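Each remark here refers to the structure printed beneath this line.
Every number in this text was worked out from the coordinates using simple rules, so none of it is lab data. Predicted, not measured: the structure shown is a model, and the values here were computed from it. Backbone-built Cβ (ideal geometry, glycine too); neighbour counts: all protein chains shown.
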Amino acid sequence: AKSEGRGNFQFFSQAMNAATHERVMMETRLWLALGEKQFELYLQPQVSLASGEVVGAEALLRWHHPELGMVAPGRVIPIAEESNLIFAVGDWVLVRAIEVLAEWRREGMDTLRLAVNLSARQCQGHELLPRLDQLIAGAGVDPSRLELEITESTAMRDPESTRGLLRQLRERGIHVAIDDFGTGYSSLSYLKLFAIDRIKIDRGFVTDIETDANDAAIVTATINLAHSLGLTVVAEGVETAYQSNFLRSRGCDEAQGYLFARPMPAEQFRRFMLEGKAR
Ligand code: C2E
Ligand code: CA
Ligand code: CA
Ligand code: CA
């Protein structure tokens, strides 16, 4: 029994080593990716449900690795978060996002708003605000065209510092949205604590709207709650006409999802907008 236990331990530590090895490999590849321009920022349209017009986009990170192919951000971000890479990756995203806003302004698409995801550690450091100021001033873009998405759980890690950060973002005219709303275990009291503009209803509540009366009720209540607090609401993961119609009938302001468009490269987004206008 003793030797068996030891064998198990060895097996376990081998598995650990493999996992560590895999992580270190991915970290190295991520560092290289930054230098070798393997990242791309995709844009997914956000549509006004009242007018049907595209009013903005969410920026979503894409990593094209020469051998691994397209690596999903759901894999990239956690690895980056565990190392200090998140600061470099997050900064790359901010730089590119501000560039996109500057391109839009030159193209006359300056009424569009661009939403950018912030990771937890990006929100905690003291670098974020001065860096945003520098990038926005450098590119001469309107800060109110920028929206930052933070998740409920990011916001609640350190409510006091989040409160300070969001207040300072608001002073600059930068918008803030709470992402994945309803998926955390936090109380609703933070809604009055934080200076936010929007709530994003998580895809998990939208998917089964048609068949699950509870989800439909939660979505309806969330829309009403947001509106009574003076916030706008975006629903994510909208894939069917039923979902879109339901959300519109409940007064949801905007929607985002495969029904309208998948995330796409910036150049394709530009064409998407131009064609949309011509129609
Ligand atoms: P998220 O912020 O909740 O982003 C929405 C995710 O839903 C995106 O996945 C998007 O492609 C996907 N999606 C949009 N519409 C639909 C739909 O109709 N159906 C389905 N099934 N999915 C839809 P993606 O691009 O794989 O990103 C996954 C997560 O990775 C994001 O979730 C976000 O948490 C994180 N992420 C992505 N880009 C960044 C970034 O630049 N910085 C940070 N910190 N996190 C990022
Ligand atoms: Ca998001
Ligand atoms: Ca989300
Ligand atoms: Ca999500």
### Query
When the residues of the range 90-143 are filtered to those that are of a type in the set (D, E, K, R) and away from ligand 1 (no atom under 16 Å from the Cβ), which remaining residue is nearest to ALA33 (Cα to Cα)?
GLU103
### Message
Is it the case, given these coordinates, that SER244 is more than 16 Å from ligand 4 (Cβ to nearest atom), without any contact (Cβ under 8 Å) to a residue 40 or more places away in the chain and not aliphatic (A, V, I, L, M)?
### Response
no
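Filter the range 232-241 for residues that are crowded, with 20+ Cβ neighbours inside 10 Å and under 16 Å from ALA177 (Cα atoms); which is nearest to ligand 3 (Cβ to nearest atom)? Please lay out each step first, then the result.
In the first step, residues of the range 232-241 are kept if they are crowded, with 20+ Cβ neighbours inside 10 Å; the result is 233-236, 238.
With under 16 Å from ALA177 (Cα atoms) added as a condition, the list becomes 233-236.
Values: VAL233: 13, VAL234: 9, ALA235: 10, GLU236: 5 Å.
The qualifying residue nearest to ligand 3 (Cβ to nearest atom) is GLU236.
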### Query
Is one or more of the residues making up the range 255-267 surrounded by fewer than 21 Cβ atoms within 10 Å (Cβ to Cβ), without any contact (Cβ under 8 Å) to a residue 24 or more places away in the chain and charged (D, E, K, R)?
yes
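The rows are residues; the columns are (1) away from ligand 1 (no atom under 16 Å from the Cβ); (2) not acidic (Asp, Glu).
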| residue | (1), (2) |
| --- | --- |
| ARG163 | yes, yes |
| ASP180 | no, no |
| THR183 | no, yes |
| VAL206 | no, yes |
### Message
Take the conditions away from ligand 3 (no atom under 16 Å from the Cβ), outside any helix (DSSP H, G or I) and more than 16 Å from ALA177 (Cβ to Cβ) and apply them to THR211. Does it pass?
### Response
yes
### Task
Give the range 107-144 a look and list any residue that's polar (S, T, N, Q), under 17 Å from the mean Cα position of the chain (by Cα) and farther than 17 Å from GLN168 by Cα, or say none.
ASN117, SER119
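Of all residues in the range 176-194, how many are buried (at least 21 other Cβ atoms within 10 Å of the Cβ) and more than 16 Å from ligand 4 (Cβ to nearest atom)?
Qualifying residue count for the region: 1.
Considering the range 217-231 alone, what residues qualify as being touching a helix residue (DSSP H, G or I) at 6+ places or on another chain (Cβ under 7 Å) and surrounded by fewer than 22 Cβ atoms within 10 Å (Cβ to Cβ)?
The answer is ILE218, LEU229.
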## Note on the structure
If we ask which residues in the range 205-221 are more than 16 Å from ligand 2 (Cβ to nearest atom) and under 30 Å from PRO143 (Cβ atoms), their number turns out to be 0
### Query
Which of the following residues is surrounded by fewer than 19 Cβ atoms within 10 Å (Cβ to Cβ) and under 24 Å from MET273 (Cβ atoms): GLU27, GLU127, GLU107, GLU82?
GLU107
### Task
Could you tell me whether any residue of the range 114-134 is in contact with an Asp or Glu (Cβ under 6 Å, 6 or more places away or on another chain) and of a type in the set (A, V, I, L, M, F, W, C)?
yes
